């Protein structure tokens, strides 16, 4: 569990903890491989960049607690033992200024926490907020009426108890691993829209980390030979919205995203256009001197009229379709003149071959990803260096037999 001194503040008033990246390379398409490449460019000592077998942290926004104050950013911020965490939180709670003139109440609460710690000595790491509240309620009910009244009337105690719950109830906490501890990177997302595929967003633990990243890498970040644009994003990512306002901020962003969906916009625009057309029609009919009853009848008939697309229309007879011709096998592209690079173009693969089979056939040090285009019987095999790609091509040759197919191997353009 993170102490208030060690863990980054999650609820400080910030502008934006998200950084916008532009001009990113579109390959590799694998999110896992792309994240590791980017991390190696910003921090060569990053553990995920150095060890490709180390699984990347996975973030499921649906599984995060409603209250983001119950979130601990990475277990590395933890002091290591739940007993020491409990004791630290207990001493901090009892040292609060609200007990300056309430020594008797402070003693009662100290005894309660000590008894709770002894009772759950072997299971402090699973203590939940619900279990704590049940024990606290039982403790209150066991007090004399005067002492219970003093406890309930102590100003500020309720909020301090709620804060204590979040500190000591390890079973109700959620842990969020960082992608990079030195830079404070929590997550990386890439845009999926075609015209924005070269853009992405980095989410940081706080706005200071985001600003330091921009100051350090603006105009200097190179990823696979590209100079990547770096700037503070115009708005938070979904993860950033959660860190700022909890599930409330996340839900608000999801509602805005739904409203901006193209299908919803088109429906709204069509409805507005239809209303505008009816208003104009009503005005024209009124100018012609028609009564309100006649205008309403015409408008009603207009709204009930089916759209032109649904009406039967006279269509031109279709010309008979030509006789199907036998499909010609695609010609293997000439790649001999292509200069060496990190991507191999593998053509004329056996029909029905899988991505895993291609990966096994081209397995070598530095393999990044395999992009199989099954309908064209070809694949792009990417390595981390030109040297590794060249070694595989030299080992397999320009052509080799695979299940009766003469597979062509060359460098992609």
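The values are calculated or read from the model by the stated rules, or taken from the named source; none is laboratory data. What you see is a predicted model, and the numbers here were worked out from it, not measured in a lab. Cβ coordinates were reconstructed from backbone atoms using ideal geometry, including for glycine residues, and neighbour counts include every protein chain displayed.
Screening residue 159 against (1) at pLDDT below 85; (2) surrounded by fewer than 15 Cβ atoms within 10 Å (Cβ to Cβ) leaves a single unmet condition, (1). Taking the criterion of being in contact (Cβ under 8 Å) with a residue 12 or more places away in the chain and either within 20 Å of residue 51 (Cα to Cα) or touching a strand residue (DSSP E or B) at 6+ places or on another chain (Cβ under 7 Å) (or both), the residues of the range 362-376 that qualify are 362, 364, 365, 366, 367, 368, 369, 370, 371, 372.
Can you tell me which residue among 392, 370 is surrounded by 18 or more Cβ atoms within 10 Å (Cβ to Cβ) and in a strand (DSSP E or B)?
Numbers: 392 fails: in a strand (DSSP E or B).
Answer to the check: 370.
When 38, 24, 56 are screened for being over 14 Å from residue 222 (Cα atoms), surrounded by 14 or more Cβ atoms within 10 Å (Cβ to Cβ) and at pLDDT 80 or above, only 56 passes. For the range 102-147, give me each residue that is modelled with pLDDT of 85 or more and not in a helix (DSSP H, G or I). Passing the criteria: 102, 127, 128, 142, 143, 144. Taking the stated definitions as given, is residue 330 within 30 Å of residue 408 (Cβ to Cβ), touching a strand residue (DSSP E or B) at 6+ places or on another chain (Cβ under 9 Å) and at pLDDT below 85? Here the answer is yes, as residue 330 does meet what is asked. When the residues of the range 162-191 are filtered to those that are farther than 18 Å from residue 205 by Cβ and in a loop (DSSP other than H, G, I, E, B), the one that is modelled with the lowest pLDDT is 191.
Based on this model, can you work out whether residue 154 counts as surrounded by 11 or more Cβ atoms within 10 Å (Cβ to Cβ) and assigned by TED's automatic domain parsing to the domain that holds residue 183? Criteria not met by residue 154.
For residue 94, the conditions (1) buried (at least 18 other Cβ atoms within 10 Å of the Cβ); (2) in contact with a helix residue (DSSP H, G or I) (Cβ under 6 Å, 6 or more places away or on another chain) all hold with the exception of (1).
Have a look at 184, 229 and point out the one that is farther than 22 Å from residue 25 by Cα, in the same structural domain as residue 43 (by TED's automatic domain parsing) and touching a strand residue (DSSP E or B) at 6+ places or on another chain (Cβ under 7 Å). I'd like the intermediate steps shown before the answer.
Working: 229 fails: farther than 22 Å from residue 25 by Cα.
Criteria check complete, one pass: 184.
Answer yes or no as to whether residue 123 is touching a helix residue (DSSP H, G or I) at 6+ places or on another chain (Cβ under 8 Å), without any contact (Cβ under 8 Å) to a residue 24 or more places away in the chain, over 30 Å from residue 38 (Cβ atoms) and not assigned by TED's automatic domain parsing to the domain that holds residue 47. Criteria not met by residue 123. The listed residues are 244, 275, and the only one of them that is modelled with pLDDT of 80 or more, more than 29 Å from residue 61 (Cα to Cα) and part of a helix (DSSP H, G or I) turns out to be 275. Can you work out which of the residues in the range 395-413 that are touching a strand residue (DSSP E or B) at 6+ places or on another chain (Cβ under 7 Å) and either free of Cβ contacts under 8 Å to residues at least 12 places away in the same chain or under 18 Å from residue 27 (Cβ atoms) (or both) is surrounded by the fewest Cβ atoms within 10 Å (Cβ to Cβ)? The qualifying residue surrounded by the fewest Cβ atoms within 10 Å (Cβ to Cβ) is 400. The single condition from (1) crowded, with 17+ Cβ neighbours inside 10 Å; (2) closer than 30 Å to residue 382 by Cβ; (3) modelled with pLDDT of 90 or more that residue 216 fails is (1). Among 203, 114, 146, 128, which is the only one that is surrounded by fewer than 17 Cβ atoms within 10 Å (Cβ to Cβ) and under 28 Å from the mean Cα position of the chain (by Cα)? Of the residues listed, the single one that is surrounded by fewer than 17 Cβ atoms within 10 Å (Cβ to Cβ) and under 28 Å from the mean Cα position of the chain (by Cα) is 128.
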